[in-house]
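Just below is one structure, and these are the notes that go with it.
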Amino acid sequence: MAVAGVDGPGAPTPGGVATFAVHDPATGEVLAHVADRGPADALAALDRAVAAADGWAATAPRVRGEVLRRAFDLLVERRESFALLMSLEMGKPLAEARGEVAYGGEFLRWFSEEAVRVQGRYGEAPEGTGTMIVTHRPVGPCYLVTPWNFPLAMATRKIAPALAAGCTVVVKPAELTPLTTIALAELLREAGVPDGVVTVVTTTDAAGVTAPLLSDPRLRKLSFTGSTAVGKVLIAQAAENVLRTSMELGGNAPFVVMADADLDAAVDGAMLAKFRNGGQACTAANRLLVHESVADEFTRRLAERVAAFVVGPGTADGTTLGPLIDDRAVASCTRLVDDAVARGARVVVGGAALDRPGSFFAPTVLADVPRDADLMHREIFGPVAAVTSFRDEDDAVQLANDTPYGLVAYVFTTDLACGRRMLGRLRTGMLGVNTGLVSNAAAPFGGVGQSGLGREGGSEGIHEYLDTTYALEPHG
Ligand code: NAD
């Protein structure tokens, strides 16, 4: 496997450069070694981004769009190898990895189209004394930091709008899953992305590599997807140079099932919202809030489905639930489940780590989870469905909003008016009504509160990488 680094995407590791191992979480086996870059390498990567910035910004939007479109076409051609790579380094079942290739690819296609749709305004000043002209231009060199849970989509969701807007980027993938980003950088090069426009920096020293970049005045933008704890540190660091920031942070999604909900649809939705990616998603349904009149029946039907999961390596035939990302994640799920049970929750299925090689936790359903359980207040990030009941709509709203996060919420009801009301009442950036999946490249993805700042995707996404400029031309 070629290693991307400061010498450009796909360049081989120069002799003597330190490397680190990337593991298969299903077996613990080493998959590859990649370059372990340091602060000086990160600054060299920024040098490249700065050197390429003017040329890329001056490249016609149509040309930038066509490069992204070629990248989309190449990704479609290589769908299987990207899916396999992600399944190997991250653990998700192959079918889900294919789904992520499709989703991640959509950002390349969508922003290939958006590149030529950046429009300004032209109008008369209210006083009638001149013409006001509003335009946009690229913010400049960007630093993009991505998490391990969606190795491809989190990268394309940032790289595609940045490139469409005319920005050059330095990308730092999570150390647990750098291989997909390396392969993506190579694909972008083949699609025609010029030298220096995208440089990948792989490292085990995220903080050490990031600090000098954020304090370098040549950098103009930080886009981060990851935990709220790290996001807060980066926002503080970004203040030094008043950087533009986009922050896609953690969540604690409520999944609300009203008394009138179609329970089969609600269970389908919960399977998707809770167990996709093994529950390791910022959008994962963290709290299943179910009306007390249907809680037992919902839990029974959900448990039946959960007990039928085929747990195994993501790459194995028939696997429907893969491993967690590492043993720390297994330990965290164990602690959260034990805490809930100690406070009175009931284990309906699963409930513990699996005694087998790799980082596996049993798919789990907990009933009667008390409101003060730890997992009601922090991301579970694992295959644990925690069911709590509520009395009425007001109680559901109060419970759902009892979190500083606000990324996504789900509501299941057959009452359209109730669905619409919830859009106003739930503090959230996104809402799924009778669906367990809201992500779409054409929609603005993002949260409120401690779930972050800014939006990715949609017509909003490209503006995260554009400055607005205004000129006044007085009439002669
Ligand atoms: P994380 O915050 O530990 O790491 C995210 C990235 O930040 C990684 O690349 C990591 O190497 C880097 N990083 C860690 N410490 C750093 C530091 N001090 N300075 C600079 N970089 C640093 O998160 P994770 O465990 O990789 O991902 C899971 C988290 O990401 C969850 O909280 C999840 O909700 C969130 N997430 C959010 C979204 C979203 O769109 N809102 C999407 C996916 C994941």
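The values are calculated or read from the model by the stated rules, or taken from the named source; none is laboratory data. Model, not experiment: these values are computed from the prediction. Positions of Cβ are backbone-derived with ideal geometry, glycine not excepted, and every protein chain shown enters the neighbour counts. These accessible areas exclude ligands, DNA and RNA; they are computed on the full protein's heavy atoms, side chains included. Shrake-Rupley method; radii C 1.70, N 1.55, O 1.52, S 1.80 Å.
Quick check on region 349-381: of everything there that is closer than 23 Å to residue 405 by Cβ and among the basic types (Lys, Arg), which residue is farthest from the ligand (Cβ to nearest atom)?
371
Looking only at residues that are closer than 21 Å to residue 116 by Cβ, of a type outside the set (Gly, Ala, Ser) and away from the ligand (no atom under 16 Å from the Cβ) in region 134-150, which one is most open to solvent (accessible area, probe 1.4 Å)?
Among those residues, the one meeting the criterion is 137.
Cβ contacts < 7 Å: first residue in the same structural domain as residue 331 (by TED's automatic domain parsing), restricted to region 377-390; second residue open to solvent by 50 Å² or more (accessible area, probe 1.4 Å) and away from the ligand (no atom under 14 Å from the Cβ), any location; separation 6+ or different chain. Result?
Close Cβ pairs (under 7 Å, with a partner that is open to solvent by 50 Å² or more (accessible area, probe 1.4 Å) and away from the ligand (no atom under 14 Å from the Cβ)) amount to 388/371; 389/292; 390/292.
Does region 244-252 contain any residue that is polar (S, T, N, Q), on the phi < 0 side of the Ramachandran plot and open to solvent by less than 10 Å² (accessible area, probe 1.4 Å)?
Yes, the conditions are met somewhere in region 244-252.
Within region 197-212, track down each residue that is in contact with a Pro (Cβ under 9 Å, 6 or more places away or on another chain), open to solvent by 40 Å² or more (accessible area, probe 1.4 Å) and more than 29 Å from residue 55 (Cα to Cα).
Correct list: 205 only.
When only residues in region 213-230 that are in contact (Cβ under 8 Å) with a residue 40 or more places away in the chain, near the ligand (Cβ under 7 Å from one of its atoms) and over 30 Å from residue 390 (Cα atoms) count, which is surrounded by the fewest Cβ atoms within 10 Å (Cβ to Cβ)?
If we take residues in region 213-230 being in contact (Cβ under 8 Å) with a residue 40 or more places away in the chain, near the ligand (Cβ under 7 Å from one of its atoms) and over 30 Å from residue 390 (Cα atoms), then 226 is surrounded by the fewest Cβ atoms within 10 Å (Cβ to Cβ).
Among 356, 378, which is of a type in the set (Lys, Arg), over 28 Å from residue 247 (Cβ atoms) and out of contact with any His (no Cβ under 8 Å at 6 or more places or on another chain)?
356
Out of region 124-154, which residues are among the hydrophobic types (A, V, I, L, M, F, W, C) and farther than 30 Å from residue 97 by Cβ?
Within region 124-154, 125, 132, 133, 134, 139 meet the criteria.
Taking region 283-301 only, how many residues are farther than 16 Å from residue 392 by Cα and among the hydrophobic types (A, V, I, L, M, F, W, C)?
So the count comes out to 3.
Checking the condition assigned to a loop (DSSP other than H, G, I, E, B), at pLDDT 95 or above and surrounded by fewer than 24 Cβ atoms within 10 Å (Cβ to Cβ), which residue from 314, 344 passes?
344
Residue 335 versus (1) within 27 Å of residue 226 (Cβ to Cβ); (2) touching a Gly at 6+ places or on another chain (Cβ under 9 Å); (3) open to solvent by 60 Å² or more (accessible area, probe 1.4 Å): which is the lone unmet condition?
(2)
If I go through region 41-69 residue by residue, how many of them are among the aliphatic types (A, V, I, L, M), part of a helix (DSSP H, G or I) and open to solvent by 20 Å² or more (accessible area, probe 1.4 Å)?
7
If I filter region 285-311 down to residues being open to solvent by 40 Å² or more (accessible area, probe 1.4 Å) and assigned to a helix (DSSP H, G or I), which single residue comes out as nearest to residue 29 (Cα to Cα)?
This residue is 307.
Does residue 265 fit the bill of being assigned to a helix (DSSP H, G or I) and closer than 20 Å to residue 432 by Cβ? Spell out how you get there, then give the answer.
Working: assigned to a helix (DSSP H, G or I): yes; closer than 20 Å to residue 432 by Cβ: yes.
Yes.
Looking at 417, 396, 400, which is the one that is more than 12 Å from residue 286 (Cα to Cα), in contact with a strand residue (DSSP E or B) (Cβ under 9 Å, 6 or more places away or on another chain), more than 16 Å from the ligand (Cβ to nearest atom) and not assigned by TED's automatic domain parsing to the domain that holds residue 232?
Working: 417 fails: in contact with a strand residue (DSSP E or B) (Cβ under 9 Å, 6 or more places away or on another chain); 400 fails: more than 12 Å from residue 286 (Cα to Cα).
After applying the criteria, what remains is 396.
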